[in-house]
1. Ordered by packing density, taken as the mean number of other Cβ atoms within 10 Å over each peptide's residues, highest first, how do 107-114, 255-262 rank?
2. Any idea what the relative contact order of the chain is, in percent, if you count C-alpha pairs under 8 Å spaced at least 6 apart?
3. Report for the stretch 6-204 the percent antiparallel among DSSP-assigned beta bridges with both residues inside it, nearest 5.
4. Return one number: the angle in degrees, 0 to 90 and rounded to the nearest 10, between the long axis of the Cα atoms of helix 84-94 and the longest principal axis of the Cα atoms of the chain.
5. Compute the normalised compactness of the chain: alpha-carbon radius of gyration over 2.2 N^0.38 Å, N being the residue count.
6. Sort ASP96, ASP14 so that the residue with the fewest other Cβ atoms within 10 Å of its own Cβ comes first and the one with the most comes last.
7. Please turn the phi angles of the stretch 158-164 into ³J(HN,Hα) values with the Karplus equation 6.51 cos²θ - 1.76 cosθ + 1.60 (θ = phi - 60°), one per residue in order, whole Hz, x for glycine and proline.
8. Quick check: Cα centre of the stretch 226-246 to Cα centre of the stretch 121-137, how many Å?
Amino acid sequence: MNHNSISEIRDLLDRHEIGLKKRFGQNFLTDSATRHRIGSLIARTLPTPLPGSGEIWEIGPGLGSLTDELRGLGLPIRLFEIDRGVIRVLRERYGDELPIEEGDFLDTFQGLPAPGAIVGNLPYHSAGAMVPRIVESGLAVPVMVFLLQSEMVDRLVSPRGCKTYSALSVLVQSHYRVERAFSVPAGVFYPRPQVGSAVAVLRELPHRPSREVTERISLLTREAFGQRRKTLRNTWKAWLPALEECGIDPGLRPEELPPETFRLLAERLLGILPESE
């Protein structure tokens, strides 16, 4: 199909009696240059050979515009889609060539072997839950490339000290080197979203935290950024001795701490670092 043609997209949706659902955040990419640019970025970013299961996971493939770009890589692809009508379209287009996990990604990815990469045009309404869930799951995914709401990408790449620095920033940057690759205007989507988008590239850091440490980092960030204007002395009262052992000034606010310090404290609280260190 012609993914650049809004009329053809509408006809396909009507033929399959698919009504776009706001809760799924469905916005189809209708610009071939942008799709090629994303596809080329993914191709350059993937490690060789692809580790893990050797698969690329695509979250929210929609009608398959980015999927068609990925197929050109000649690698196995697994799709994750929640909309039953869209799933019918995907099965009609790809048959048994591409496995499709049906349902909410937050449920369907559980228990599957770690892929070599995860990509996708993530729904704006659920991306904020998907990205941290992937990180917290313990899956060792070397590369992730996502098309996201621009504001979320700002949070992912934000350095400490900025208003956009958040619990999400700390959690993701504790595991990945995050890059804002390029911006994508609202006009290349159907339906047109009311916000701008951007492509984020996440490359796994060496010596990533264990799942246990990751869970503790999540706890620390939720506590800290839930009261971000308070100093650590007031937010982390129960952990003041550990702050002192780590050389962390309790008079600081959470947005002043880099991700490495959150990890250091998490490891200290779990007894991974000796107190004499």
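Every read-out reported here was derived from the displayed coordinates using simple, explicitly stated rules and does not represent laboratory data. Computed from a prediction, not measured in an experiment: that's the story for all the values here. Here the Cβ is made from the backbone with ideal geometry for all residues, glycine too, and neighbour counts use every protein chain on show.
1. Numbers: 107-114: 13.2, 255-262: 18.4.
Sorting 107-114, 255-262 by mean packing, highest first, produces 255-262, 107-114.
2. Details: 438 pairs, mean separation 43.2, N = 277.
Relative contact order here is 16 percent.
3. Values: 17 of 33 bridges.
If I count the DSSP bridges inside the stretch 6-204, around 50 percent turn out antiparallel.
4. Computed tilt is about 70 degrees.
5. On the way: Rg = 20.4 Å, N = 277, 2.2 N^0.38 = 18.6 Å.
Cα-based Rg divided by the globular estimate yields 1.09.
6. On the way: ASP96 7, ASP14 10.
Taking fewest neighbouring Cβ atoms as first place, the list is ASP96, ASP14.
7. 4, x, 4, x, 9, 4, 7
8. 28 Å
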